[in-house]
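Below is one structure, written out as structure tokens; comments come after it.
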Amino acid sequence: MANVETLVIDCLDKPTRDINNLIRQAADDGVPAVEILNTRARHNIGVGILKPIHLIYRGHVGYYTVGLCDGVTAEIHGSSGWGVGDNLLAGEVVVEGNAASSAAPSIRGGSIVVKGNAGPRAGIYLKSGDLTVGGDAGYMSGFMMQNGRMIVCGNAAKGLGDSMYQGQIWLGGKAEEMGSGVTEADAEPGELDAVLETLERHQIKAPKAFRKLQSDRSLWNFNKHDFAAWKDAL
Amino acid sequence: MSSAFERPPAYSGIWHPDAIEEIQEKAELGRYQIRGQATKRHNLPSFDDLVFTPAGLSRMPLEGYRERCDTEVVIGEGRVSRPLVLERPIMIAGMSFGALSVNAKRALGIAATRCGISTCTGEGGMHPEEREHSSKLVMQYLPSRYGMNPYDLKKADMIEIGAGQGAKPGTGGVLLGLKMSEEVAKMRDLPMGVDQRSGCRHPDWMGADDLYMKLEQIREVTNYEVPISIKVGAARIANDVRIACKADVDAIVFDGMEGGTAASPTIQLDHAGIPTIAAIAEAVEALHDMGKQDEIKLIVGGGIKNGADAAKAIALGADVVYLGTAPIIALNCHAPIYIEDYERLGTTPYECQHCHTGLCPVGITTQLPKLMARLDVDEAADRVTNFLNAMTMEIQLFARSCGKNKVADLDPNDMRSLTQDVAMMTGIPMVGLNGRQPWWTKF
Ligand SMILES: Cc1cc2nc3c(=O)[nH]c(=O)nc-3n(C[C@H](O)[C@H](O)[C@H](O)COP(=O)(O)O)c2cc1C
Ligand code: SF4
């Protein structure tokens, strides 16, 4: 909740560049939080912020919100456009609503939480860190994931985890179709507890059970005897 | 002894030895062939099909030894607060750390810095050594986003959004596991030894409107300081130019089908994309259509080997040429040394194209310390500097001989075509047809 130490920025009368400069200045000055009003699905609000600060977005946000940031935490009281949290290095972004295509693309650390549904390609090229989706995830989510953890409490559309190299996907519902090179694995001790703890922390209702999915490594190196897999992958 | 009546080869024109070898290799491998370097086609339209028509009586040349001939090009002038100033109309193309050894990166950086031109990270992130050695460094922002982070973006002197390359338009990068080192794997967040296939589509933008927003994001991160270009494999030029203009890039890079690579599917090298010369003609026309020819710089690469190619590209309307293979060759690629190692790869100098194996005999496209040590950084940097100097002099030679005191002033009227194909492609009249009509039509 916003407090006295919170800077309030109204987007209505400001160009994007000014808004980002104000946020950067606030972070430089050690202001702990910024409340951003009238976001109206504006793109690129709060990008390239490299000092710790807490961002509170009042409303829907557009593309690349909290993109290319390091150490930023954010709560988005609405839904987000494409690429929320793009390339995050560290920090946490919580989307109260839904996220459009490509949530948390290529993040290299930190955590992105989408309480509603996530569109296609959620967690694409995830390199490290966490993506948690309270609802369903769209087509080809987790595509070419390189590491990290993706939790999907609901169902996943076709191609879940396709061509993932490493990392884990925790699926609560059903996948319409698994992607190439994905297999189900047994949970290691403590792993499921950590997943449930994440959900509890964000007050997301946990599904009855989870399946842990990971790369079967069949696509790590070309194998001519496994043409069926490589036909689609090379 | 040759005879005037040499018999044609006895093998079929279709099932010639190369086609047979290719089929038999695929029958063994079970996949398409992958190799480095570039297309092996011999029949592409080329800059050699154009000639300059320098000054005579009707125009005065410049004195080669005395008169200035400017070579500077500025990207992003009047558009960003820190435009990229190139002292010559040349850039070293993006070649990844991973494809190249760190020694090769160092040597290219030293040479480029001496010549006042830029190098480019390529895929795989910004290696600190490269930043240190290159005074002007372009950082590629590619679909894979390997090693991507806002700190390095801020350290770059230009950002190049990679959306394709001439050697494999419409497909992503390839780095075979046998070429990966611990350092390369770490920079790319990949497990050791995997056959790495990069995505070819950016994870978070698709259409023209998205690209505009992506540019805004990168400009925000880099504080509107440095220019942003977009690199595309030359194919659907006119529409790509329109989209790049809409996204408001500072420069557009077209990489023709002759473009070099460290690893591409052979079939793509030979059968995808359009030649560089055709790409320039189409791109220049499209930029004029959009009224952006003075604002957005046109950078072209793919098979540019000397000052003549570069001067012709500029006369056709390009602002800068983009060199990959030529500086690699200046480093020592194909040098007839360590012959036994070429032989071990089943090849010879001049024919080698084994960059994808990581076993480069001369230490350029390898990560193996033993091979890397074969490239002496200082000597290699001197060779690349010499080559870039010679090439710059060649470009100036043509400009001066055409009476231009700025290389950028070379224009299509300074050339004639030797072949009908190139005349049609570029609109440059055929030699001997001064203005296209045969002379006797006047009488
Ligand atoms: C060894 C090598 C590595 C390359 N790596 C990349 C890369 O990482 N990203 C990219 O966009 N292009 C890459 N390219 C293509 C070059 O950037 C450039 O487009 C091409 O080399 C130009 O053609 P040229 O080699 O005939 O000069 C690479 C080329 C070579 C030779
Ligand atoms: S000599 Fe090295 S760089 Fe040149 S083609 Fe062979 S492997 Fe590639």
- [ ] Give region A:98-125 a look and list any residue that's in contact with a Gly (Cβ under 6 Å, 6 or more places away or on another chain), outside any strand (DSSP E or B) and either more than 10 Å from every other protein chain (Cβ to nearest Cβ) or among the hydrophobic types (A, V, I, L, M, F, W, C) (or both), or say none.
- [x] A:Asn98, A:Ala100, A:Ala104, A:Ile107, A:Lys115, A:Gly116, A:Asn117, A:Gly119, A:Pro120
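Is it the case, given these coordinates, that B:Lys105 is of a type in the set (D, E, K, R), in contact with a strand residue (DSSP E or B) (Cβ under 9 Å, 6 or more places away or on another chain) and closer than 24 Å to B:Pro361 by Cα?
Values: of a type in the set (D, E, K, R): yes; in contact with a strand residue (DSSP E or B) (Cβ under 9 Å, 6 or more places away or on another chain): yes; closer than 24 Å to B:Pro361 by Cα: yes.
So B:Lys105 fits the description; yes.
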TODO: Keeping to region B:307-332, report how many residues are in a loop (DSSP other than H, G, I, E, B), within 14 Å of ligand 1 (Cβ to nearest atom) and more than 12 Å from the chain's Cα centre (by Cα).
DONE: 2
Task: Output for region A:72-81, where each listed residue is in contact (Cβ under 8 Å) with a residue 24 or more places away in the chain and assigned to a loop (DSSP other than H, G, I, E, B) - done: A:Gly78, A:Ser79, A:Gly81
Open item on the list: Just to check your reading of the model, which residue among B:Ala281, B:Ala244 is of a type outside the set (Val, Ile, Thr), crowded, with 19+ Cβ neighbours inside 10 Å and within 16 Å of ligand 1 (Cβ to nearest atom)?
Closed with: B:Ala244
Task: Scope region A:42-64; condition under 28 Å from B:Gly207 (Cα atoms), more than 10 Å from every other protein chain (Cβ to nearest Cβ) and in contact (Cβ under 8 Å) with a residue 24 or more places away in the chain; matching residues - done: A:Arg42, A:His60
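Just one of B:Leu137, B:Leu100, B:Leu142, B:Leu86 is touching a Lys or Arg at 6+ places or on another chain (Cβ under 7 Å), under 30 Å from B:Val184 (Cβ atoms) and of a type in the set (A, V, I, L, M); which is it?
Numbers: B:Leu100 fails: touching a Lys or Arg at 6+ places or on another chain (Cβ under 7 Å); B:Leu142 fails: touching a Lys or Arg at 6+ places or on another chain (Cβ under 7 Å); B:Leu86 fails: touching a Lys or Arg at 6+ places or on another chain (Cβ under 7 Å).
After applying the criteria, what remains is B:Leu137.
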Task: Close pairs from region B:353-372: first farther than 16 Å from B:Ala263 by Cβ, partner within 13 Å of ligand 1 (Cβ to nearest atom) and outside any loop (DSSP other than H, G, I, E, B), Cβ under 7 Å, at least 6 apart - done: none
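Just name the residue that is nearest to the chain's Cα centre (by Cα) out of those in region A:126-146 that are hydrophobic (A, V, I, L, M, F, W, C) and in a strand (DSSP E or B). Talk me through it step by step, then tell me what you get.
Going through region A:126-146, the residues hydrophobic (A, V, I, L, M, F, W, C) turn out to be A:126, A:131, A:133, A:137, A:140, A:143-145.
This time we only want the ones that are in a strand (DSSP E or B), so: A:131, A:133, A:137.
Numbers: A:Leu131: 4, A:Val133: 8, A:Ala137: 11 Å.
Among those residues, the one meeting the criterion is A:Leu131.
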- [ ] Of the numbered conditions (1) of a type outside the set (Asp, Glu); (2) more than 18 Å from A:Gly116 (Cβ to Cβ); (3) at pLDDT 95 or above, A:Ser180 fails exactly one; give the number of that condition.
- [x] (3)
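Considering every residue within region B:120-137, establish whether at least one is within 16 Å of ligand 2 (Cβ to nearest atom), over 18 Å from the mean Cα position of the chain (by Cα) and crowded, with 23+ Cβ neighbours inside 10 Å.
First, the residues of region B:120-137 that are within 16 Å of ligand 2 (Cβ to nearest atom): B:122.
Filter once more, so that each one left must be over 18 Å from the mean Cα position of the chain (by Cα): none.
The answer is no, given that none of the residues of region B:120-137 is within 16 Å of ligand 2 (Cβ to nearest atom), over 18 Å from the mean Cα position of the chain (by Cα) and crowded, with 23+ Cβ neighbours inside 10 Å.
The values are calculated or read from the model by the stated rules, or taken from the named source; none is laboratory data. Not measured: the values here are computed from a predicted model. Here the Cβ is made from the backbone with ideal geometry for all residues, glycine too, and neighbour counts use every protein chain on show.
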